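Values quoted throughout were computed directly from the atomic coordinates according to the rules given, and no laboratory measurement underlies them. Every value quoted in this text rests on a predicted model; they were computed, and no experiment measured them. Here Cβ is always computed from backbone atoms with ideal geometry, including for glycine, and neighbour counts include all displayed protein chains.
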Amino acid sequence: MDIKNGFVDTVGNTPLIRLNSFSDETGCEILGKAEFLNPGGSVKDRAALYIVEDAEKKGLLKPGGTVVEGTAGNTGIGLTHICNAKGYKCLIVIPETQSQEKIDTLRTLGAEVRTIPAVPYKNPENYVKVSGRLAAELDNAIWANQFDNLANRNAHYETTGEEIWQQTDGKVDAWVAATGTGGTYAGVALCLKEKNPDIRCIVADPMGSGLYSYVKIGEIKPEGKSITEGIGNSRITANMEDVPIDDAIQIDDPECLRVIYQLLRKDGLFMGGSVGINVGAAYALAKQLGAGHTIVTVLCDSGSRYQSRIYNPQWLAEKGLSVG
Ligand code: PMP
């Protein structure tokens, strides 16, 4: 018998998929960790589960308690599923700039959702800070604090990284991923470097994020903006502290769109925008390294969360973008 014990037991152990069109084009093996196949539909199910179970183990989260979080959507979706499965309530603060699909999904799942204006992190009304204050005000509540809670990257150190190592029999030349909290990038980078320090760990960065300049010139200097959601940062989160970064690759929106539409049309994979940054950077790295290398990246979530946006020609046209 091979039976999973509910939602929680179904998180992780995702397939590693050869991205055929990009691999064939470059002569490299470009592999995507299929995190969109997690039961809550994204890479953030893993972090959500570890954060909740860490709080349970520490005695911080008690029966009937509330998990509060500021999220671009996917962490909130993962947390709400887990809270439902474990008997907790979930209160989510989300910037109103995020896709309607994610906001609607959160409400459908049963989270209490507060949408607020998107303002920079240094502003006290930033969604992350608002969620922290709400958690402090409520009785029997915890703040998931995914950006600075190391349970997030531990999830990826203990599971995602280990799975990638097993699934490739250790034959990995490079790991490439964009960062939101940095939990995915950091946990996998720490795990893989421990196994083999020669594995190159590369941050993929959208326009408008400060990590590319941080890696290249040691300064956080965001420039431009991006249609992607859930990635990019203007600070080094606790999850990204003391984490190896060998290089960074910046991917702009036109290249991101080219990549996600190629994934859809040639590989049959319907992916979210951050995947365009990840696979775009993996493809650029394949060209840099030359044929014969194995590059692993992450397929964070599905395109169905962005149908009204990056898969909507009218929305793209309003942003001055189009798909060839
Ligand atoms: N892609 C998407 C669509 C996301 O929602 C997130 C998380 N915000 C990420 C990538 C980045 O993951 P992490 O927080 O682990 O850096």
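Once amide H atoms are built 1.01 Å from N in the peptide plane, which residues 5 or more positions from Val298, or in another chain, come under 5 Å H to H?
Result for Val298 returns Lys33.
Between their Cα atoms, which of Lys33/Lys89; Lys4/Lys57; Lys171/Lys216; Lys102/Lys195 are more than 32 Å away from each other?
The answer is Lys102/Lys195.
Amide H of Glu29: which non-local residues (sequence gap of 5 or more, or other chain) have their own amide H closer than 5 Å, using H built in the peptide plane?
Placed amide hydrogens put Gly292, His293, Thr294, Ile295 under 5 Å from Glu29.
When a footprinting reagent is the concern and you count Cβ atoms within 10 Å, what order do Glu29, Glu56, Glu229 take, fewest first?
Glu56, Glu29, Glu229
Give me the orientation-averaged projected area of the Cα convex hull of the chain, in nm², one decimal.
Average of the hull's projected areas for the chain equals 16.4 nm².
If you wrap a convex hull around the alpha carbons of region 43-143, what volume per residue comes out, as a whole number of Å³?
Taking the convex hull of the Cα positions in region 43-143, it is 90 Å³ per residue.
Taking amide H atoms as placed 1.01 Å from N in the peptide plane, list the residues 5 or more away in sequence, or in a different chain, whose amide H sits under 5 Å from that of Asn145.
Result for Asn145 returns Gly70.
So for the chain: antiparallel DSSP bridges make up what percent, rounded to the nearest 5?
Among the beta bridges of the chain, antiparallel pairing accounts for roughly 15 percent.
For the chain, list the cysteines whose Cβ sits under 4.7 Å from no other cysteine Cβ?
Cys28, Cys191, Cys201, Cys256, Cys300
Find which of Leu49, Ala111, Ala72 sits farthest along the positive direction of the dipole of region 43-143, computed with +1 on the beta-carbon of Lys and Arg, -1 on that of Asp and Glu, about the Cα centre.
Leu49
Would you order Thr105, Thr179, Thr97, Thr184 from fewest to most other beta-carbon atoms within 10 Å of each residue's own beta-carbon?
Thr97, Thr105, Thr179, Thr184
Give me a comma-separated list of calculated 3J(HN,Hα) values for region 156-173, in order, Karplus coefficients 6.51, -1.76, 1.60 applied at θ = phi - 60°, integers in Hz, x for any Gly or Pro.
7, 5, 7, 10, 4, x, 4, 4, 4, 4, 5, 5, 9, 6, x, 8, 10, 9
Rank Gly70, Gly218, Gly183 by mean-square fluctuation in a GNM of the chain with C-alpha springs under 10 angstrom and give only the top-ranked residue.
Gly218
Taking θ = phi - 60°, what integer Hz values does the Karplus form 6.51 cos²θ - 1.76 cosθ + 1.60 yield along region 272-286, in sequence order, with x for Gly and Pro?
With the stated coefficients, region 272-286 comes to x, x, 5, 5, x, 5, 5, 6, x, 6, 5, 5, 4, 5, 4 Hz.
Rank by packing, highest mean first: peptides 36-47, 309-320, with packing defined as the count of other Cβ atoms within 10 Å averaged across residues.
Listed from highest to lowest mean packing, they are 36-47, 309-320.
Just the Cα atoms of region 31-70: what Rg and Dmax do they give in Å?
So, for region 31-70, Rg and Dmax equal 12.7, 41 Å respectively.
Quickly rank 137-143, 81-87 as a protection proxy: mean count of other C-beta atoms within 10 Å, highest first.
Result, highest mean Cβ count within 10 Å first: 81-87, 137-143.
Over the chain, with a Gaussian network built from C-alpha contacts below 10 Å, which listed residue (Ile220, Ile30, Ile103) shows the highest mean-square fluctuation?
Residue with maximal mean-square fluctuation among Ile220, Ile30, Ile103: Ile220.
When Lys and Arg each count +1 and Asp and Glu each count -1, what net charge do the other residues less than 14 Å away from Ala189, Cβ to Cβ, add up to?
Here the charged neighbours net out to -4.
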